[in-house]
Amino acid sequence: MNLKQYAWNIFEIAKANNEDLGVARRMLVNNIQQGMAINGGAELDYPALRRRWDAMDGKAQEAALEELNKYITDFSANAPYHSLCEAFERGDREAFDKVLAK
């Protein structure tokens, strides 16, 4: 499971719950683990995502989280975080997805 594809949803959860991206990431993962939207903001099929998450072993889950964290918790000057924030603020999902594809 590639959690990077849900980065836009993490930004949505952060905005809806007035939280930072680290907290919103944990909220998304909690929603997936519970199979329901405990924390709102993103319309996703959480029961299906839970089945996919549960099918992964612990190492795969950890790797998925680490990959996602590279995009939303690295604040260095050339990090993707800045471009993701700019695209989200503009509501430009296409530009957002292009950053993730790099």
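Please verify whether Ala64 is more than 12 Å from Leu3 (Cα to Cα), under 11 Å from the mean Cα position of the chain (by Cα), at pLDDT 90 or above and assigned to a helix (DSSP H, G or I), treating the condition exactly as stated. Judged against the criteria, Ala64 is not a match.
Provide a single number: the residues in the range 90-102 that are touching a residue at least 60 places away in the same chain (Cβ under 8 Å) and either open to solvent by 60 Å² or more (accessible area, probe 1.4 Å) or not hydrophobic (A, V, I, L, M, F, W, C) (or both). Don't jump to the end; show me each part of the working.
Start the filter on the range 90-102 by keeping residues that are touching a residue at least 60 places away in the same chain (Cβ under 8 Å), which leaves 93, 96-97, 100.
Retained after the next criterion (residues that are either open to solvent by 60 Å² or more (accessible area, probe 1.4 Å) or not hydrophobic (A, V, I, L, M, F, W, C) (or both)): 93, 97.
Residues meeting the conditions: 2.
Only a single item in (1) touching a residue at least 24 places away in the same chain (Cβ under 8 Å); (2) within 17 Å of Asn2 (Cβ to Cβ); (3) touching a helix residue (DSSP H, G or I) at 6+ places or on another chain (Cβ under 8 Å); (4) surrounded by fewer than 17 Cβ atoms within 10 Å (Cβ to Cβ) is not met by Ile72, and it is number (4). Among all residues of the range 79-89, there is at least one that is at negative phi, open to solvent by 60 Å² or more (accessible area, probe 1.4 Å) and modelled with pLDDT of 95 or more. Of all the listed residues (Gly40, Gly22), the sole one being surrounded by fewer than 14 Cβ atoms within 10 Å (Cβ to Cβ), within 11 Å of the chain's Cα centre (by Cα) and either without any contact (Cβ under 8 Å) to a residue 12 or more places away in the chain or within 23 Å of Cys85 (Cα to Cα) (or both) is Gly22. If you check Met1 against the conditions, is it surrounded by fewer than 19 Cβ atoms within 10 Å (Cβ to Cβ), in contact with a Lys or Arg (Cβ under 6 Å, 6 or more places away or on another chain) and not in a helix (DSSP H, G or I)? Taking the combined requirement at face value, the residue satisfies it.
The values are calculated or read from the model by the stated rules, or taken from the named source; none is laboratory data. Note that the coordinates shown come from a computational prediction; the quantities given were computed from them, not determined experimentally. All Cβ positions, even for glycine, are placed from backbone atoms using ideal geometry, and neighbour counts span all protein chains on display. Surface accessibility is based on the protein's heavy atoms, side chains included, excluding ligands, DNA and RNA. Shrake-Rupley method; radii C 1.70, N 1.55, O 1.52, S 1.80 Å.
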